[in-house]
Amino acid sequence: MYTFSNRLKIGSIILMAVGLLGIIGGFVMAPGTVEEAKAIVASHDDGHGGGHEATASHDTEMAHAASTDHESGHDASHDEHLLSQLKNRPWAALYVAAFFFMMIALGVLAFYAIQRAAQAGWSPLLFRVMEGITAYLVPGGIIVFVILVLSVLHMNHLFVWMDAEVVAHDELLQGKSGYLNPTFFLIRAAIFLGGWIAYREYSGRLSLKQDESTDDSSFKLNFRISAAFLVFYLISESIMSWDWIMSVEPHWFSTLFGWYIFASMFVSGITVIAMVTIYLKSKGYLPDVNDSHIHDLAKFMFGISIF
């Protein structure tokens, strides 16, 4: 049984505290009024002004025209849009971080299910490592879901299609309103997270039960549910990528976007498996794991990357 050292625990707590302070600082420093937003933009422009003096080549008339256009475009609606964008930055940063780490756990879960369904002979030694990493799927999924709920409640503006006023003036969003609507959006999210977490919990229990079993019934059942889960995963992962990422800019779409997300999370997940395995090996754990296991993980990473 692996136990975290005090040094590792303290280091983790310090990093979490620094991250929490950074999140709080981001929200505290976000502008609360239009005047504060203008001041932030003005200070940003001033900070970049001196660095371009040596390379400026526009004549006086063009510079004056650009300045005039800039001033004329600074109407009330533009100011409100600017304020909304700046207030949204800490939410966007939080969402990206929450999504990234949850996707690592989900990528490992997909790899784990593939190994179970394929009945691979080399990977069972790493099952406990995979099951440990996928444990983050529960808290990570809850964090992402909470952010999505807060988006529906208009606590942030990550998804422009959730703004009824914007939709009222956008024919494309009106055409997608049957799919991109807050209620259906949250229902899909709950189904996806529920399915992923349910498989992770049930398969993990069967895996532990197999250690105590005198027959292969748990192994066979795990094989069947893993094969069924992969079908659910492939469908839900694609739709999730449309919902949680691509719909941030609903006017853009890609038929390959689900694959890009899958490849990214898959490679990231396998990389984390390799890193944790190497770390545990260096601490004297996983005595039966050898270099060939790391090489097999590397082959998967390289194969997905070039494909």
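Here is how the numbers come out for the structure above:
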item	result
Neighbours by Cβ (under 6 Å, 6+ apart or cross-chain): first from the range 233-246, free of Cβ contacts under 8 Å to residues at least 40 places away in the same chain and surrounded by 18 or more Cβ atoms within 10 Å (Cβ to Cβ); second part of a helix (DSSP H, G or I) and of a type in the set (Val, Ile, Thr)	Ser241/Ile261
Members of the range 159-176 found to be touching a Phe, Trp or Tyr at 6+ places or on another chain (Cβ under 9 Å) and not in a helix (DSSP H, G or I), listed by number	Phe159, Asp170, Lys176
Residue within the range 251-263 that is closer than 29 Å to Ser177 by Cβ, hydrophobic (A, V, I, L, M, F, W, C), touching a residue at least 40 places away in the same chain (Cβ under 8 Å) and surrounded by 13 or more Cβ atoms within 10 Å (Cβ to Cβ) present	yes
Filter pass, Ser292 being of a type outside the set (D, E, K, R), assigned to a helix (DSSP H, G or I) and modelled with pLDDT of 90 or more	no
Where Asn156 falls short, out of the listed (1) part of a helix (DSSP H, G or I); (2) under 23 Å from Ala97 (Cβ atoms)	(1)
Residue count, the range 246-284 (criterion: under 16 Å from Gly107 (Cα atoms) and either touching a Cys at 6+ places or on another chain (Cβ under 8 Å) or of a type in the set (A, V, I, L, M, F, W, C) (or both))	14
In the range 146-176, residue nearest to the chain's Cα centre (by Cα) [restricted to those that are surrounded by fewer than 14 Cβ atoms within 10 Å (Cβ to Cβ), among the small types (Gly, Ala, Ser) and closer than 24 Å to Gln85 by Cβ]	Ala164
Hits in the range 87-105 (condition: of a type in the set (S, T, N, Q) and under 10 Å from Gly141 (Cα atoms))	none
Long-range neighbours under 7 Å by Cβ, at least six apart or interchain, first residue in contact (Cβ under 8 Å) with a residue 40 or more places away in the chain and more than 19 Å from Gln115 (Cβ to Cβ) within the range 272-299, second of a type outside the set (Asp, Glu) and not in a helix (DSSP H, G or I)	Tyr285/Tyr2
Yes/no for Val138 being over 30 Å from Ile294 (Cα atoms), among the aliphatic types (A, V, I, L, M) and in a helix (DSSP H, G or I)	no
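The values are calculated or read from the model by the stated rules, or taken from the named source; none is laboratory data. None of these values were measured; they are calculated from a predicted model. Backbone-built Cβ (ideal geometry, glycine too); neighbour counts: all protein chains shown.
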